[in-house]
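Student: Attaching a single structure in structure tokens format; questions to follow.
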């Protein structure tokens, strides 16, 4: 793996916002300097196993597989703690984030040493089946998702959770709206009150990682936030949007010195595969997207116990119909119509 040109697609789309900030400075003559900083700061690798040379202008639609990881020692020891699909439309003017429950019950074509192939298990196991090779893990996860949804990927990113904390530290804090009182698992036993307030990096990361508080046993919990991983995904998407909003409010759209600090602070927390494209290609192609105006979507499904193991399952009937329509909408670049018809699966954040 060698440092190379690559944009901010990393941080589950948080990083993508930063590249748009860089592009916004082009009119004042700073863009090239900042793009060079991005080139030097971020590491790329052939995560999807497609080393073919890109051809022609960058065009949409585009699909990116984004994996949030708790990196133990290095990228090859990482786990996939959150999985998202980022879809950019044909005209490169809008984007959507689709959260994939890590416990989603799927058929995995290649189960590695975990089980006999093919196997039915949690989608997260597709990543684990890749073993201690980050690229093999990403490829196996991407192939499993393609088999399950029909969606193919134009790029991929791995993001270390510590990078989220680094970005909050750079910005000073981030405002999060906690939907009900909760006691966090990390830092263990920490109590946070319902409501909107600024959080430092340590508590913000704890809130983003929390999943045990989301359920009917917690006073104040409501079904629209989802149970377990569903609730955590909802909060992660809220966090991403709030982080981008804070960056915009603090002037990162207009101050080149601030953007440079942001880039240098979190560049080593991401690993990208953009199909050989340069950061300049992506930055200018995607300059029409407002990173604070993202639509965030959940895959229609619900928790279910199968033989004593907890999974997330898309149930036959309305859920299956909605899920298949979602996957088709991504493939045909018609997500706006799907969002309008399926408001129950769209997260509404401030």
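Student: Tally the residues that are at pLDDT below 75 and not in a helix (DSSP H, G or I), restricting the search to region 240-272.
Tutor: Counting residues in region 240-272 that are at pLDDT below 75 and not in a helix (DSSP H, G or I) gives 5.
Yes/no matrix, rows are residues, columns are (1) in contact (Cβ under 8 Å) with a residue 40 or more places away in the chain; (2) within 22 Å of residue 272 (Cα to Cα); (3) in a strand (DSSP E or B):
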residue	(1), (2), (3)
130	no, yes, no
137	yes, yes, no
166	yes, yes, no
175	yes, no, yes
185	no, no, no
203	no, no, no
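Student: Still on this structure, I have one more. Exactly one of (1) in a helix (DSSP H, G or I); (2) surrounded by fewer than 20 Cβ atoms within 10 Å (Cβ to Cβ); (3) out of contact with any helix residue (DSSP H, G or I) (no Cβ under 8 Å at 6 or more places or on another chain); (4) modelled with pLDDT under 90 is unmet by residue 237. Its number?
Tutor: (2)
Student: Just the residues that are assigned to a helix (DSSP H, G or I) and at pLDDT below 90, please, taken from region 206-232. Give the derivation first.
Tutor: Initially, region 206-232 is screened for residues assigned to a helix (DSSP H, G or I), giving 206-209, 223-225, 229-232.
Within region 206-232, 208, 209, 223, 224, 225, 229, 230, 231, 232 meet the criteria.
Student: Could you list, in sequence order, the residues of region 105-123 that are closer than 22 Å to residue 234 by Cβ and surrounded by fewer than 23 Cβ atoms within 10 Å (Cβ to Cβ)?
Tutor: 105, 122, listed by residue number.
Student: Right, residue 102: in contact with a helix residue (DSSP H, G or I) (Cβ under 7 Å, 6 or more places away or on another chain) and either at pLDDT 90 or above or in a loop (DSSP other than H, G, I, E, B) (or both) or not?
Tutor: Taking the combined requirement at face value, the residue satisfies it.
Student: Spot the failing condition for residue 195; the list is (1) free of Cβ contacts under 8 Å to residues at least 40 places away in the same chain; (2) on the phi < 0 side of the Ramachandran plot, and only one is missed.
Tutor: Residue 195 satisfies all of (1) free of Cβ contacts under 8 Å to residues at least 40 places away in the same chain; (2) on the phi < 0 side of the Ramachandran plot except (2).
Student: While we're looking at this one, here's another question. Pick from 170, 152, 146: which is part of a helix (DSSP H, G or I) and over 20 Å from residue 270 (Cβ atoms)?
Tutor: When all the criteria are applied, what remains is 146.
Student: Continuing with this model, one more query. In region 289-300, which residues are assigned to a loop (DSSP other than H, G, I, E, B) and either out of contact with any strand residue (DSSP E or B) (no Cβ under 8 Å at 6 or more places or on another chain) or modelled with pLDDT under 95 (or both)?
Tutor: Listed by number, the residues that qualify are 289, 290, 291, 292, 293, 294, 300.
Student: Kindly check whether there is at least one residue in region 136-145 that is at pLDDT 95 or above, under 23 Å from residue 303 (Cβ atoms), surrounded by fewer than 22 Cβ atoms within 10 Å (Cβ to Cβ) and touching a helix residue (DSSP H, G or I) at 6+ places or on another chain (Cβ under 9 Å).
Tutor: The answer is no, given that none of the residues of region 136-145 is at pLDDT 95 or above, under 23 Å from residue 303 (Cβ atoms), surrounded by fewer than 22 Cβ atoms within 10 Å (Cβ to Cβ) and touching a helix residue (DSSP H, G or I) at 6+ places or on another chain (Cβ under 9 Å).
Student: Can I ask one more? Out of the residues in region 75-91 meeting the condition of being at pLDDT below 90 and part of a loop (DSSP other than H, G, I, E, B), tell me which one is nearest to residue 346 (Cα to Cα).
Tutor: 79
Student: Something else: Can we say residue 126 is part of a helix (DSSP H, G or I) and at pLDDT 90 or above?
Tutor: It is true that residue 126 is part of a helix (DSSP H, G or I) and at pLDDT 90 or above.
The values are calculated or read from the model by the stated rules, or taken from the named source; none is laboratory data. Remember, predicted model here, so these are calculated numbers, not experimental data. Methodologically, a virtual Cβ is constructed for each residue, glycine included, from the backbone with ideal geometry; neighbour enumeration extends over all protein chains shown.
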